[in-house]
1. Considering only residues that are more than 15 Å from the chain's Cα centre (by Cα) and of a type in the set (Val, Ile, Thr), look in the range 14-60 and name the one that is nearest to Ala108 (Cα to Cα).
2. Going by what's in this entry, would Val42 be described as exposed (fewer than 14 other Cβ atoms within 10 Å of the Cβ) and hydrophobic (A, V, I, L, M, F, W, C)?
3. Tell me which residues, restricted to the range 126-146, are assigned to a helix (DSSP H, G or I) and polar (S, T, N, Q).
4. Mind listing whichever residues of the range 126-155 are under 12 Å from the mean Cα position of the chain (by Cα), over 20 Å from Arg89 (Cα atoms) and charged (D, E, K, R)?
5. Report, by residue number, each residue of the range 66-80 that is buried (at least 16 other Cβ atoms within 10 Å of the Cβ) and either among the hydrophobic types (A, V, I, L, M, F, W, C) or under 21 Å from the mean Cα position of the chain (by Cα) (or both).
6. Any idea which residue in the range 87-109 is surrounded by the most Cβ atoms within 10 Å (Cβ to Cβ), counting only those that are aliphatic (A, V, I, L, M) and more than 15 Å from Ala44 (Cβ to Cβ)?
Amino acid sequence: MVVARSKYLKQLDDLAAAMEDLGQKTVADVTAAGLALAKGDVEAAEEVISGEMRMRLLRATIEDTCLDIMLMQQPLVADDLRFVSGSFRLVSDLAHIDSKSRDVAFLATQIPHEAACAIENEIATASGKVAYMVKTALESFANADRDRAEEVFAADDEVDALYAKAEQAIVELIRKGDTDATHLPELLMVAKYFERMGDDAERIAKWTIFRITGTHDLKVAGEPAE
């Protein structure tokens, strides 16, 4: 019984460590993707693109650990059960963010830097805010900290406002017709990616509420419930 309990506690520690690794990778990729587009950093873009396999391995490790704990160890403490089941669910939100980061990084290799300058400030700011949201959301979940989760919900409004600002700037450029509009649709897509990453970060913060209360509202503002 002591051996089984020791294995269970180690698995919880391993899960927490793997979640931290995955979170750090996701935050780094969001930041690098924004840098790649806003500053024309091709090296940063390629680093994000090449990290897909590591993301897959980390996600598989976390999901396998969660399943083993739930099926074989049968957590007896409610908070442990919520931590494990929440981790199993929110890892998909992290994967969605990282996937969007790779999409942005790829677009950064296709869009000339002079074209990206049209919304350079908005993208740089949005990537920083989304990275902050992801980091804060994961910290709130790890520590069952509702106040930190509320910070994420508030920050999402700022990311939405940045998207609206970038959208308006691009629409104005298209309307004026005095610039090469070839890459403007792709730039709008990039801005939308960051807005959606913010929504994913908000979902992660909602798992903090689940961990604390045992209830979870899947609905994110502006989107239908899953």
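The values are calculated or read from the model by the stated rules, or taken from the named source; none is laboratory data. Everything numeric here is computed off the predicted structure, so don't read it as measured data. Using ideal geometry, Cβ is built from the backbone for each residue, glycine included, and neighbour counts are taken over all protein chains shown.
1. Only one residue tops the list, namely Val42.
2. yes
3. Ser127, Thr136, Ser140
4. The one that is under 12 Å from the mean Cα position of the chain (by Cα), over 20 Å from Arg89 (Cα atoms) and charged (D, E, K, R): Lys129.
5. Matches in the range 66-80: Cys66, Ile69.
6. Among residues in the range 87-109 that are aliphatic (A, V, I, L, M) and more than 15 Å from Ala44 (Cβ to Cβ), the one surrounded by the most Cβ atoms within 10 Å (Cβ to Cβ) is Ile97.
Every residue, every condition in (1) modelled with pLDDT under 85; (2) more than 30 Å from Asn143 (Cα to Cα); (3) under 15 Å from the mean Cα position of the chain (by Cα), yes or no:
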{"site": "Glu172", "(1), (2), (3)": "no, yes, no"}
{"site": "Asp178", "(1), (2), (3)": "yes, yes, no"}
{"site": "Pro185", "(1), (2), (3)": "no, yes, no"}
{"site": "Gly198", "(1), (2), (3)": "no, no, yes"}
{"site": "Arg203", "(1), (2), (3)": "no, no, yes"}
{"site": "Val220", "(1), (2), (3)": "yes, no, yes"}
